[in-house]
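The values are calculated or read from the model by the stated rules, or taken from the named source; none is laboratory data. Given the structure is predicted, the values throughout are model-derived calculations rather than measurements. Cβ: placed from backbone, ideal geometry, glycine included. Neighbour counts: every protein chain shown. For accessibility, only protein heavy atoms count, side chains too; no ligands or nucleic acids. Shrake-Rupley method; radii C 1.70, N 1.55, O 1.52, S 1.80 Å.
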Amino acid sequence: MIRVAQVAPNIFPIPPEHHGGTERVIHDLGTALRSLGVDITLFAPSDSATDLPRIGDYPSLSALEGRHGRVAPGVPAALDALQLEALRRTLDGFDIVHCHGEFAHAALLGDRRRHSLTTVHWRVDELDRALFFSGFPDLPVAAISAAQEAGIPASNRAGVVHHGIDRDRYALRTRPGGHVAFVGRMTDQKRPDTAIRVARAAGLPIRLGGTIDVGNPDYFDSRVRPLLGDDATYLGPVDDARKGDLLGGARALLFPIDWPEPFGLVMIEAMACGTPVVAWNRGSVPEIVEDGVTGFIVSSEAEAVDALGRIGRLDRAHIRRRFEARFTAERMAADYLALYRRLLAA
């Protein structure tokens, strides 16, 4: 039996209550790996509500902020250091260490790096990642899309594993309502303002769910709130149940990203409901959306409006089948297990 440490970030509990795609993926991955016979230990915050074996005596950053308000800038680094100390004390108990954060763990692992795997859940084309990769050319890194892998040095590339989710979290809805949906952080990377303009131009009401981005808090008030109205409703953060209702009841999901999206978990959550996706042609989108099958890939607001006019031609039951074939947690876990075995064999 392979013994694997899954090392999560310390921002949100595992699984997350609302926002937190990375934490959701980590929980689904650990659960699916356990079903494959892998001995899993999760390193995660103490406020996590998972049934996976867990190590971690300190709360998440979000819990501390809920308790104390805005915390000092050094708190995230302190939480990471405390987590890595717990990992250091137990390191000999694992065959593979799979880290879902970045930076400090690479130095801690030392010559164990060859039996580790790092998944970066963010863009990799910025200076901090370039410095990181240059200093640890022997660190195996799993990309979450081919688009992301293109920015990872060849010496670090361990393979591409697309995300997956629990196949039963969301159910097929064959009779949607009249609205379109947007789910994501209220930020300029995700462009909810563009989604509102497209829906309005198509004559369709839109419902938006998601958190106001802590890194860009003024964006919602300056760019999104002025566009809200009877045909554009902001629901706030949505948990799994509310997200299922929002996505499943939607004619389409609008995904008007304005950055090199490394994956885009909400696209496969929509597909799990049978809901087609209208997504901008950036980052991972061409790998996730099958144009004319599970949605439409567009390059402008005008193209998105046209796509919404054709959305009824897509078969929602077939979209659900494509989700089951490509984006379940079981498939994701099998792909990661193959990478673990390859690393151990090497």
Exercise for the section: Give, as residue ranges, the strands (runs of 3 or more DSSP E) completely inside the range 34-145 that count at least 2 residues that are touching a Gly at 6+ places or on another chain (Cβ under 7 Å). Expected result: 39-43
Practice task
Among the residues of the range 195-224, write down those that are outside any loop (DSSP other than H, G, I, E, B), in contact with a strand residue (DSSP E or B) (Cβ under 8 Å, 6 or more places away or on another chain) and at pLDDT 95 or above.
Solution key: ALA195, ILE196, VAL198, ALA199, ARG200, ILE206, ARG207, LEU208, GLY209, VAL224
Exercise for the section: Could you tell me whether any residue of the range 298-320 is among the acidic types (Asp, Glu), at pLDDT 95 or above, surrounded by fewer than 20 Cβ atoms within 10 Å (Cβ to Cβ) and not in a helix (DSSP H, G or I)? Expected result: yes
Practice task
Return yes or no: is ALA252 more than 30 Å from ILE2 (Cα to Cα), open to solvent by less than 30 Å² (accessible area, probe 1.4 Å), hydrophobic (A, V, I, L, M, F, W, C) and touching a strand residue (DSSP E or B) at 6+ places or on another chain (Cβ under 9 Å)?
Solution key: yes
Problem - Neighbours by Cβ (under 8 Å, 6+ apart or cross-chain): first from the range 207-225, within 16 Å of LEU235 (Cα to Cα); second open to solvent by 40 Å² or more (accessible area, probe 1.4 Å) and at pLDDT below 90 - result: GLY210/HIS19; THR211/HIS18; THR211/HIS19; PHE220/ILE212
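Can you pull out every residue in the range 279-297 that is touching a Gly at 6+ places or on another chain (Cβ under 9 Å) and open to solvent by less than 20 Å² (accessible area, probe 1.4 Å)? Before the answer, list the steps.
Start the filter on the range 279-297 by keeping residues that are touching a Gly at 6+ places or on another chain (Cβ under 9 Å), which leaves 279, 283-285, 288-289.
Passing the criteria: ALA279, SER284, VAL285, ILE288, VAL289.
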